[in-house]
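Novice: Take a look at the following structure, please.
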Amino acid sequence: MRSMVITRKLLAAATLLLISTASNAQQPDREGAATALSLYKSAIERLDLTEVDKLFTPDAVIIESGKVEGNFPAYRDHHLGPELKEFASFKFDNYKVNIQIEGPVAIATETYTYRIVLKTGEAIDRLGVATSALKWNGQAWQIVTTHSSSRKPKTPAS
């Protein structure tokens, strides 16, 4: 009888440990938010937006260089997607991200440089910055809004 009680207590303790471990794996964290942003950046570098929709909430707002582009499908179909078709390559460099977690919300500031090579061979170099808000949906981080802008790097003085 005593061994059954001990076995039940051990089983209960093991179950609580598993539940605790599983719930901790599904908690909002900086690394998870950074991963969502990284997946988006990687898709752009691959010139392939397949599966990117899931990184955004359905009502996400995309703002780029002073223009509200709408939700991600509108931005993908009318702006980013057509642009990517004209690119031979897109490469981010000097990427840095600062993420603050506020409960189920993450606020991210990204800085980077990027180089686009058009299919014509022309190269475009830019300094870029983005601010994004992400929301934890209970299982994953999703981008609620992102605002990005860029400018030409200053040319060195001769």
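Novice: Every residue in segment 83-109 that is closer than 15 Å to Arg126 by Cα and in contact with a helix residue (DSSP H, G or I) (Cβ under 9 Å, 6 or more places away or on another chain), please.
Specialist: Result: Ser89, Phe90, Lys91, Phe92, Tyr95.
Novice: Let me ask something else about it. Counting just the residues of segment 88-116 that are more than 16 Å from the chain's Cα centre (by Cα) and surrounded by 15 or more Cβ atoms within 10 Å (Cβ to Cβ), which one comes out nearest to Leu49 (Cα to Cα)?
Specialist: Here the residue is Phe90.
Novice: When you go through Ile143, Ile124 one by one, which is the residue that is touching a strand residue (DSSP E or B) at 6+ places or on another chain (Cβ under 7 Å), farther than 20 Å from Gly32 by Cα and among the aliphatic types (A, V, I, L, M)?
Specialist: Result: Ile124 is the single residue among Ile143, Ile124 that is touching a strand residue (DSSP E or B) at 6+ places or on another chain (Cβ under 7 Å), farther than 20 Å from Gly32 by Cα and among the aliphatic types (A, V, I, L, M).
Novice: I'm trying to understand the selection: among the residues of segment 61-71, which are in contact (Cβ under 8 Å) with a residue 40 or more places away in the chain and surrounded by 16 or more Cβ atoms within 10 Å (Cβ to Cβ)?
Specialist: Passing the criteria: Val61, Ile62, Ile63, Glu64.
Novice: Would you pick out the residues in segment 89-107 that are in contact (Cβ under 8 Å) with a residue 40 or more places away in the chain and among the basic types (Lys, Arg)?
Specialist: Listed by number, the list holds a single entry, Lys91.
Novice: While we're on this one: Condition first: out of contact with any strand residue (DSSP E or B) (no Cβ under 7 Å at 6 or more places or on another chain), over 30 Å from Gly138 (Cβ atoms) and not in a helix (DSSP H, G or I). Now tell me which residues in segment 67-119 satisfy that.
Specialist: Correct list: Lys67 only.
Novice: Is it true that some residue in segment 147-156 is exposed (fewer than 13 other Cβ atoms within 10 Å of the Cβ), of a type in the set (D, E, K, R) and not in a loop (DSSP other than H, G, I, E, B)?
Specialist: Checked segment 147-156: at least one residue is exposed (fewer than 13 other Cβ atoms within 10 Å of the Cβ), of a type in the set (D, E, K, R) and not in a loop (DSSP other than H, G, I, E, B).
Bear in mind these aren't lab numbers, they're just calculated from the coordinates by the rules spelled out. Since this is a predicted model, take the numbers as computed values, not measurements. Don't worry about glycine lacking a Cβ; one is built from the backbone with ideal geometry, like all the others, and counts go over all protein chains shown.
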